[in-house]
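The values are calculated or read from the model by the stated rules, or taken from the named source; none is laboratory data. The structure displayed is predicted, hence computed values, not measured ones. All Cβ positions, even for glycine, are placed from backbone atoms using ideal geometry, and neighbour counts span all protein chains on display.
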Ligand SMILES: Cc1cc2nc3c(=O)[nH]c(=O)nc-3n(C[C@H](O)[C@H](O)[C@H](O)COP(=O)(O)O)c2cc1C
């Protein structure tokens, strides 16, 4: 079945789904409708970090629609950055209320702010009237407890939003345990906003269990599942591409590597970035252990290239269903 009734959104994954990855990915694989970019932090005193803005420049993001994401809790700084993004052409932006890392959460940013519904209310009441862009919000169930969302959804209901993306874990849970589908179901009944489901969609089975359980949800955000299986969005949507999977993965890898070669000057940066992808992609091949280990141990670009060549030469079976 070719599913045109759903939207698949590439999750923001700092250190992975930057503009280079997004462009190369969408040249090789279909099925992903848009992406949310990894977060850009607000800076005080009306400052902007050009390297972070570069990631979302519309002229560099022509292959895949991208929505910039902002991390911050100071209304003035948020408005400044949002307006700058609007001037660049971004009609939609996303607010990160999900980042679980304690350094960030301690400063009442990301999921750390979920403990403070009144601050969120105050923030939105100051920000929304000043925005030219529409705003969506990416949240977890709470920072410490999954019940925090009960106080948050009524706050969000007061404002016009472009939807809410829920990753049904708590902040302190980080990525441990599983996504809480019962809590997501409760949230569906507690909000007037359009929800996007996000969390642990790694194959057709995990997609179907969410899609069947939540028939009113049509937007699905996928992160690590796509890093592990770049065919996943095609498989979910029933898009058939008549080409050998391993060959497609190799061509994708080589293209990504060539693009990162231009960006990263140091060999360690380049191989480090590529090894990150392998930690997700490698385990999707059967009997990968020995060959993946070699890739992850590569100390130089030459060594890395040879080990990747050797990995693909093995013609290991890729786990994913066709
Ligand atoms: C390495 C890494 C980086 C991430 N960076 C961001 C980010 O910049 N902004 C954000 O909202 N979420 C970020 N996330 C969370 C993901 O967007 C997503 O919510 C989470 O991985 C659950 O979805 P998944 O199970 O489909 O991967 C990150 C997650 C990981 C593992």
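Do we find that residue 197 is assigned by TED's automatic domain parsing to the domain that holds residue 109 and either part of a helix (DSSP H, G or I) or out of contact with any helix residue (DSSP H, G or I) (no Cβ under 8 Å at 6 or more places or on another chain) (or both) in this structure? So residue 197 fails the test. For residue 230, the conditions (1) under 30 Å from residue 300 (Cα atoms); (2) part of a helix (DSSP H, G or I) all hold with the exception of (2).
Here 186, 243, 158 are screened, and the one residue that is without any contact (Cβ under 8 Å) to a residue 40 or more places away in the chain, crowded, with 16+ Cβ neighbours inside 10 Å and away from the ligand (no atom under 16 Å from the Cβ) is 186. Annotation note: of 316, 249, the sole residue that is touching a strand residue (DSSP E or B) at 6+ places or on another chain (Cβ under 8 Å) and closer than 30 Å to residue 6 by Cβ is 249.
A quick yes/no check of all residues on (1) loosely packed, with under 13 Cβ neighbours inside 10 Å; (2) out of contact with any strand residue (DSSP E or B) (no Cβ under 6 Å at 6 or more places or on another chain); (3) without any contact (Cβ under 8 Å) to a residue 24 or more places away in the chain; (4) under 27 Å from residue 174 (Cα atoms):
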| site | (1), (2), (3), (4) |
| --- | --- |
| 4 | yes, yes, no, no |
| 13 | no, yes, no, yes |
| 16 | no, yes, no, yes |
| 25 | no, yes, no, yes |
| 34 | no, no, no, yes |
| 38 | no, yes, no, yes |
| 50 | yes, yes, yes, no |
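If you go through the stretch 168-183 and keep only what is within 12 Å of the ligand (Cβ to nearest atom) and either buried (at least 19 other Cβ atoms within 10 Å of the Cβ) or assigned to a helix (DSSP H, G or I) (or both), you end up with 168, 169, 171, 173, 179.
Rundown of residues vs (1) modelled with pLDDT of 95 or more; (2) within 24 Å of residue 197 (Cα to Cα); (3) buried (at least 20 other Cβ atoms within 10 Å of the Cβ); (4) in the same structural domain as residue 194 (by TED's automatic domain parsing), yes/no style:
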| site | (1), (2), (3), (4) |
| --- | --- |
| 46 | no, no, no, yes |
| 57 | yes, no, no, yes |
| 109 | yes, yes, yes, yes |
| 118 | yes, no, no, yes |
| 121 | yes, yes, no, yes |
